[in-house]
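Read through the structure below, which is laid out as C-alpha cells, and then see the notes.
The values are calculated or read from the model by the stated rules, or taken from the named source; none is laboratory data. Keep in mind that what you see is a predicted model, and the values were worked out from it rather than measured. Cβ: placed from backbone, ideal geometry, glycine included. Neighbour counts: every protein chain shown. The area values use the complete protein model at the heavy-atom level, side chains included, leaving out ligands, DNA and RNA. Shrake-Rupley method; radii C 1.70, N 1.55, O 1.52, S 1.80 Å.
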Amino acid sequence: MTKKLIFLLTFFVSCTYAQEITETNTDSLYFKALDLYKNQQFQKSLDLTNKGLELAPDYHDIRILRIRDYWALKLNDLATADIQYLLNKASNYPNVTNLAIRHVRLLKDPQTALVFLDKIEAKESLDTNLKILKSQLLLEDHQKNKSRKIALELFNDPNLEEKNRYLLQNILKRTISNEIGVNYQYIYFSEDYTRENWQTISPEFQHNFNRTAVIARVNYTDRGYDDGILYELEAYPVFSDKVYSFFNVGFSNGNLFPDLRLSSSIFINFLQKFELEAGGRLLHFSEQDYFSGIVGLTMYQGKFYLNGRAFIGPKRKEKLTQNYQFNVRYYLKNADNYLFLKLGTGISPDETTIFTQVQENPGLNAYYSNLGINFTIGNRNIIQVGGGFLVEELSSNQDGNQIIGNLGYRFRF
C-alpha cells in the first residue's frame, strides 16, 4: 500500500510539472518560476524561464529572473549573454543597470567586465566604488596607465572615504612597472663626537611583478676612517586587498654594516582605515645575533597617514634597546606628493646607517626628529628632501648632536 501511494504521488508531481512546462501563459510562467526561485529550486525555475523566453523574448522580467537563476547555478557565462541583451535592447528598464554592476563583480575575465562597465558608463556616470573597480580591472588587464589615471583622480578627492584611499594606494603602487633611484645621506656630528662626518649613497632598482614589488639596493657609506657596502634585496608581496608583507635580506663584509640583516613584517588592514604591523629584525655581527621585535599601528584619516611603531630589542650589554616612533604624512595631491614628519626616541634597526651607534651605546638615550617633503615633477620623476636632528647621550653628563640631511630621486618607467 505504501509503495503504491509513493508511486501515485510521484506520478502526480511529474504530471503537474509537465503541465507547468507546457504552460503558454507567460505571466503564469513568470510567477511560477519566481516561486520556485524563492524556494531555491533554481533548475526548475530556469526551465520555466527558458520556456517563457521562447514564447516572449522581450519579456524582460523573465529574462532578469533567468539571470538570477544562472547566478544561483554558477552559470555566469550564460548570464553574460542575457545582460548584454538587456543593455542593448532595454538599458533603461528598471534594475538592468544594477544587474550589470553586480555581474561585473562576479566576472573573472577583466576584459569582459570592462565591456560591461563601459556600457554602464555610456548610460550614466560611475560612482566612486565602480570607478575603483574599473581601475582594478584595468590593472588586471595590464592597462596600467589608464588604471593609474583613474586612481589619481579619485585620490585627489578630499571627500574620499578612508577605506577607498587605502585601496587606491595599493592600486597606485601596482601601476608602476620599474623605478630606478638614488638616495644620498649626510650626517654632521657636533664637536662632542671624536669622529668625522658620515656620507652614504644608495642606488636602487625596483620592479613590480604583478602584485609584488622587488627592490635591489646597494648602500655605500664613507665614515672617514673606513668605508663599507651593504647589499640588500627587498620585497613587498601583496596577498589580498587587506594583507601584504615586507621582506628584506642584506649582507656585507661586516666592517660597518651587519654581516647579515634579515627583516620581515606583515600588514593587515581592518575596520577599513586601520593597518596593523607585526614583525621582527635580525642583525648578525661577527658571531653575535641581535633580534628586535616590532609592532605598529597605522590609521588613514582623510589626507593624513598616522603611524606609531615600537621596536623592542636587541639586548646589548645587559640593556634592552627600545625605539618608539610616530610618523605622519599629509598628502598634498596624491600618494606621491606629501609632507612627512618623524619623531622618535631611540634608534630603530630600520635606520640602516645610524643603527650601528646603538652597538656602541645601548643603554643611553637618543631622540630623533625628521621633517621633509616628497613630490613629483611630471609623471615619472619623484624627489624627496628631508632633514633630521638627533640628540644622543654620549655619557651620563654629555650629549652629542647630529644633523642628518637626505636627498633622493626616483625615475619611473
So, Thr200, is that one surrounded by 15 or more Cβ atoms within 10 Å (Cβ to Cβ) and among the hydroxyl-bearing types (Ser, Thr, Tyr) or not? yes
Among the candidates Gly250, Gly302, which residue alone is modelled with pLDDT under 95, under 24 Å from Gln325 (Cα atoms) and not aromatic (Phe, Trp, Tyr)? Gly302
Here are Leu172, Leu160, Leu152, Leu167: which of them is open to solvent by less than 60 Å² (accessible area, probe 1.4 Å) and either part of a strand (DSSP E or B) or without any contact (Cβ under 8 Å) to a residue 40 or more places away in the chain (or both)? Leu160
Does Phe285 satisfy the criteria of being more than 22 Å from Gln206 (Cα to Cα), open to solvent by less than 50 Å² (accessible area, probe 1.4 Å) and out of contact with any Lys or Arg (no Cβ under 6 Å at 6 or more places or on another chain)? yes
Test: Glu191 is free of Cβ contacts under 8 Å to residues at least 12 places away in the same chain, open to solvent by 60 Å² or more (accessible area, probe 1.4 Å) and either under 29 Å from Lys315 (Cβ atoms) or touching a Cys at 6+ places or on another chain (Cβ under 9 Å) (or both): no
Tally time: how many residues in the stretch 175-188 are open to solvent by less than 30 Å² (accessible area, probe 1.4 Å) and either closer than 30 Å to Glu393 by Cβ or without any contact (Cβ under 8 Å) to a residue 12 or more places away in the chain (or both)? 2
Count, please, the residues in the stretch 385-413 that happen to be open to solvent by 40 Å² or more (accessible area, probe 1.4 Å), in contact (Cβ under 8 Å) with a residue 40 or more places away in the chain, in a strand (DSSP E or B) and within 29 Å of Lys144 (Cβ to Cβ). 4
Can Tyr231 be described as at pLDDT 95 or above and among the aromatic types (Phe, Trp, Tyr)? yes
Suppose we filter Ala79, Ala33, Ala100, Ala18 for residues that are under 28 Å from Ala113 (Cβ atoms), assigned to a helix (DSSP H, G or I) and either modelled with pLDDT under 90 or out of contact with any helix residue (DSSP H, G or I) (no Cβ under 6 Å at 6 or more places or on another chain) (or both); which single one remains? Ala100
Which of the numbered conditions does Phe251 fail, given that it passes all the others? Conditions: (1) over 14 Å from the mean Cα position of the chain (by Cα); (2) closer than 20 Å to Arg410 by Cβ; (3) not basic (Lys, Arg). (2)
How about the stretch 79-101: which of its residues are surrounded by 16 or more Cβ atoms within 10 Å (Cβ to Cβ) and out of contact with any Asp or Glu (no Cβ under 8 Å at 6 or more places or on another chain)? Ala79, Thr80, Asp82, Ile83, Gln84, Tyr85, Leu86, Leu87, Val96, Leu99, Ala100, Ile101
Counting just the residues of the stretch 130-147 that are polar (S, T, N, Q) and either exposed (fewer than 15 other Cβ atoms within 10 Å of the Cβ) or within 16 Å of the chain's Cα centre (by Cα) (or both), which one comes out nearest to Arg105 (Cα to Cα)? Gln136
So which residues in the stretch 183-219 are of a type in the set (Val, Ile, Thr), more than 20 Å from Arg261 (Cα to Cα) and under 33 Å from the mean Cα position of the chain (by Cα)? Thr212
Residues (open to solvent by less than 80 Å² (accessible area, probe 1.4 Å) and modelled with pLDDT of 90 or more) located in the stretch 315-328: Asn323, Gln325, Asn327, Val328
At pLDDT 95 or above and open to solvent by less than 20 Å² (accessible area, probe 1.4 Å): is that true of Asn307 in this structure? yes
Pair list, Cβ under 6 Å, 6 or more apart: the stretch 27-44 residue open to solvent by less than 100 Å² (accessible area, probe 1.4 Å), other residue of a type in the set (Asp, Glu) and outside any helix (DSSP H, G or I): Leu29/Glu23
Subset of the stretch 107-127 (residues that are at pLDDT 85 or above and aliphatic (A, V, I, L, M)): Ala113, Leu114, Val115, Leu117
